[in-house]
Structures are given as C-alpha cells and as structure tokens.
Ligand code: NAP
Ligand code: MG
C-alpha cells in the first residue's frame, strides 16, 4: 500500500523523484501548497498576532506532521475583530453601492478559481480528505457559492423580500473541520452579498484554507475589516465571538451539542441565529431501484469525505427482498475502494481528521459489535501514521442500536431493512435528526410521496450528496434550523 513519505518532499514537489515517493506515485498531486510556517489572525485587512502572542499547531492528519502554527484567539482578539467588522460595516460596506459589493464578491470567486489547485492541496493536507474530492468538490463548490451570491448583491430589491431589505450588521460565523473552505464560503458569500461584515472562526484542526481565503480577500482589495478570520479554540475564541455584544448574527455549523449550548446562551439577546448541526440520514433503497446506480449512491452517501459529512447516508434502509443482494454487491464494491495517501489522485478515502474523531468512531463501532450487529470491512492496509479507519458495514442492525441512532461521523454504514414504503418512512423518521435522506426507486409517484413524508431538509431522488448553490440546505429538529444556499440562504443575512 502506501509508504510513509516526508510531507516536505511532497509539498515542495522537489528533491525526491515522484517514482521514489509512493507505490503508485505518478498519480500524486504535486502542486505546492505554499504553507507559511505561521499565521496571525486576519483582522482589519492585515495579519496580526494574538494579543497573548500564543500560537498552536495544525497538523496533517494523514501523517501527523505539523503543517503550520496559527494564532491562539483570545477574548481581546475577538474584541479587535468585532470592532474592525463594525467599523467596516458602517464606514465602507453598508454605504457601498450594491453593484460595487457584487464586484468585490465576484473577485473573491474568481480568485478561488484561479488558485484552485493550491487551495485543494492545502485542504487535503490540513483535513486529510482525498485530493480528488477537494479538487472536484470542495474548491469548485466554494467558488460557485461566491459567484452565485455575487449575482444577488445588486438585485436584492427584486428578490421578493419586500421593500428595502437591510443587512443585519456584523455576523459571527463558526465552522467545523469537515469542509473547511466550503463552509467558509457558505458563510461568507451570502453574508457579504447581503451587505454584512464578518468575523469567521474556522475549526482548530483545519484553519489553513480560511487563512488562505483571507489572503485572497486581501488581494481582492476588499475594504479592511469586511472579512476577518480569527483562529483559536472554540471554547475560548468561539465562545467569546458568539457572546460578543457587537455581533448581530450568529451562524454556526458543527455538533448538535454545541449548537444547543449556543441556542441557550443566545436566548433573549435578540441576535439572529442559524444552526446547521448533525444528522443520521437514511438512504432508502426499494426493490425496483436502479441497483448499480444505487450501490454507487450508497458508497458515495457514506464514504464521501470518510463519512465526515453531516448529511451522510449513514443508515441504509433496504427493502427486505433485495437486502442480501445489495449487501453482497456493496461488499464487492467496497473491495475496490482505495484508502490511503490523500494526495494520491486515485485515493477514495483519506484520513480521519483528528484523534478525538477517530476515537469516537472506534468507540461507536465497538458498541455496534457489543450490541450484536455484524461488522465487516474489506481487506485494506492502513498507513502506520496518522488517523485511519477502514470503510465499515454493519448488518444485523436494529433501530435501537447506538450505531443506528447516533451520528458516527465516519466511514461506518448501518444496514437496516423494511418491507413497505410506510415502514421505510417510519424507520427513516425514527431519529432525533432531520437533515437529509435519499430515495432509490423507479417510481416517480413514490419519490414524491416519500419526499412529503420524510422529515428531512433535503431528500435526494436516485442520487445522494448532490449540492448546488441555488438549492437551500438545512435541517429540522436536532439538525438545526435556517437554510444555507439559494434565496433562503440570503434571507438568513437580511432584515426583511
Ligand atoms: P464542534 O465542537 O461543534 O465544533 C464546530 C466548531 O465550533 C469549531 O470551530 C469549534 O472550534 C467551535 N466551537 C466549539 N465549542 C464552541 C463553543 N463553546 N462556542 C463557540 N464555538 C465553539 O464539533 P467538533 O468537535 O468539530 O465535532 C464533534 C462532532 O460534531 C462530530 O463528531 C460530528 O458528529 C459533529 N459535526 C457536525 C458537523 C456538521 O457539519 N453538521 C461538522 C463537524 C462536526 P474548535 O475546532 O476549536 O473546537
Ligand atoms: Mg489539520
């Protein structure tokens, strides 16, 4: 399988001949990521150190190597960032003509496209995801969001929001580590287009792409303070940001647990709040489904981004009559997946993002076995360094099992069966979450009926994990509230 290689050799793309780096090294991405040894916060248009002078490291989860050091955000840093955003809101961004605002947002979109390779490599190094995913999904989706929302900026009067829709003011935005750049784009693009200024806090394990985005914002010559990026621990910098009285809107994506804490903490403050939290999506396969297509959809549904996806299809609900056949086909397909070096263009599953997440996956998988489900993984040799978990399928799963109820956020699929569409709906809705679902059937009428019955913000028909900036995304129940994407995503940043 993969031989461990020094990161610097890969990153610099020199010194070591590709053929000596890896077993199938000719397909390894060699674009340099140009990572600086350290980064400050991006506040008021400049990179500045933490008020404490402290930094922390971010590592490559596939190798354990340190990539860079970033500023440890303090409450004083949050004060500075919020003050910069407030000043920018009043002095530059709000008075600016909508067409000029649009032009700035377009500039960011174009710069992301121009620097797409570099961003993709950086994202893969910091997060652990396969390069083909950061290259073909994360980065293009990020620029697409900026392009899409740039188009709205000077058309708000015609968007059906009523007369004179106003921005909310300063937005405090906290994002997770699973899609670091794309989550930054989902937060910043609609906020900026609607006329707000932003303070964004990326996750501690994946701060680098947001910092490169800050560099892009700087080069796009946005007025200072319109976008601020503050790194640091969620419990300190994140908590200080969302609690700051100078913030008008909090947008959070992450765990349901922290989301609930935020909701409690913000009660009565009058701040606008949107939450995009966890999920336990059902991918429902009927006996008339286009089966080969469904197998691909199941694989993509749970193994895309190592399953570290809030809308991952982590519960396969398959009609009883075809369950054995589907599981057999699925196992055969899993045997072809390549797990390993995220920079290899052929890799299907990369590293788990961090040690805590790996432990959580391991713990839940062990609970699955202990509760009587049957665990299966294809033969694969995992790299000896970094955080790895093989693609895993559990059969004999009962709805009461923890692996059927709790969000695992890893490459672990729980297979359950059903007999009738009514039973499929009941089982799919038997969750505290409500983010997404997939339905596989040739019957159009059944798809429409299911879509109406399933309590999920998104229902994919004969597909899974499809995204588009024009489509609103978001959940019900403990998956949060508010929508990102489309016109509703814009409304979340407007006083209408
Ligand atoms: P998390 O703790 O909710 O972190 C998400 C973001 O919130 C990070 O930027 C984090 O900063 C920050 N944060 C943490 N505590 C905060 C606080 N008290 N106030 C304000 N911000 C705070 O999620 P996680 O630890 O990364 O992952 C835990 C679980 O969340 C996963 O196992 C998964 O189930 C779920 N998750 C869901 C999504 C999603 O897209 N819905 C994404 C990621 C994770 P730090 O990085 O510094 O902690
Ligand atoms: Mg990292």
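The values are calculated or read from the model by the stated rules, or taken from the named source; none is laboratory data. Values in this document were obtained by computation on a predicted structure and should not be read as measured data. Using ideal geometry, Cβ is built from the backbone for each residue, glycine included, and neighbour counts are taken over all protein chains shown.
Residues are listed down the side, and each one gets a yes or a no for (1) within 16 Å of ligand 2 (Cβ to nearest atom); (2) assigned to a loop (DSSP other than H, G, I, E, B); (3) surrounded by fewer than 18 Cβ atoms within 10 Å (Cβ to Cβ); (4) in the same structural domain as residue 434 (by TED's automatic domain parsing):
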| site | (1), (2), (3), (4) |
| --- | --- |
| 247 | no, yes, no, no |
| 263 | no, no, yes, no |
| 289 | no, yes, no, yes |
| 293 | no, no, yes, yes |
| 305 | yes, no, no, yes |
| 317 | no, no, no, yes |
| 321 | no, no, yes, yes |
| 360 | no, no, yes, yes |
| 363 | no, no, yes, yes |
Over segment 49-65, the set of residues away from ligand 1 (no atom under 15 Å from the Cβ) and either under 22 Å from residue 341 (Cα atoms) or surrounded by 17 or more Cβ atoms within 10 Å (Cβ to Cβ) (or both) is 51, 60, 62, 63, 64, 65
What about residue 376, is it away from ligand 1 (no atom under 16 Å from the Cβ), within 26 Å of residue 207 (Cα to Cα), surrounded by fewer than 23 Cβ atoms within 10 Å (Cβ to Cβ) and assigned by TED's automatic domain parsing to the domain that holds residue 403?
-> no
Selection over segment 118-133 where residues are in contact with a helix residue (DSSP H, G or I) (Cβ under 7 Å, 6 or more places away or on another chain) and within 16 Å of ligand 1 (Cβ to nearest atom) yields a count of 5
Next item on the list: Report yes if residue 161 is near ligand 1 (Cβ under 10 Å from one of its atoms) and farther than 19 Å from residue 236 by Cα, otherwise no.
Entry: no
task: Could you tell me whether residue 180 is under 20 Å from the mean Cα position of the chain (by Cα), surrounded by 23 or more Cβ atoms within 10 Å (Cβ to Cβ), within 22 Å of residue 119 (Cα to Cα) and away from ligand 1 (no atom under 15 Å from the Cβ)?
output: no
Of the residues in segment 141-158 that are away from ligand 1 (no atom under 16 Å from the Cβ) and in contact (Cβ under 8 Å) with a residue 60 or more places away in the chain, the one that is nearest to the chain's Cα centre (by Cα) is 144
Residues of segment 34-64 being within 12 Å of ligand 2 (Cβ to nearest atom), part of a loop (DSSP other than H, G, I, E, B) and either in contact with a strand residue (DSSP E or B) (Cβ under 6 Å, 6 or more places away or on another chain) or not assigned by TED's automatic domain parsing to the domain that holds residue 216 (or both), in sequence order, are 35, 60
Within segment 334-359, residues being farther than 17 Å from residue 303 by Cβ and within 16 Å of ligand 1 (Cβ to nearest atom) number 4
Q.
Looking at the structure I just gave you, is residue 325 farther than 25 Å from residue 207 by Cβ and assigned to a loop (DSSP other than H, G, I, E, B)?
A. no
Exercise. Determine whether residue 276 is within 23 Å of the chain's Cα centre (by Cα) and either within 16 Å of ligand 2 (Cβ to nearest atom) or surrounded by fewer than 20 Cβ atoms within 10 Å (Cβ to Cβ) (or both).
Key: no
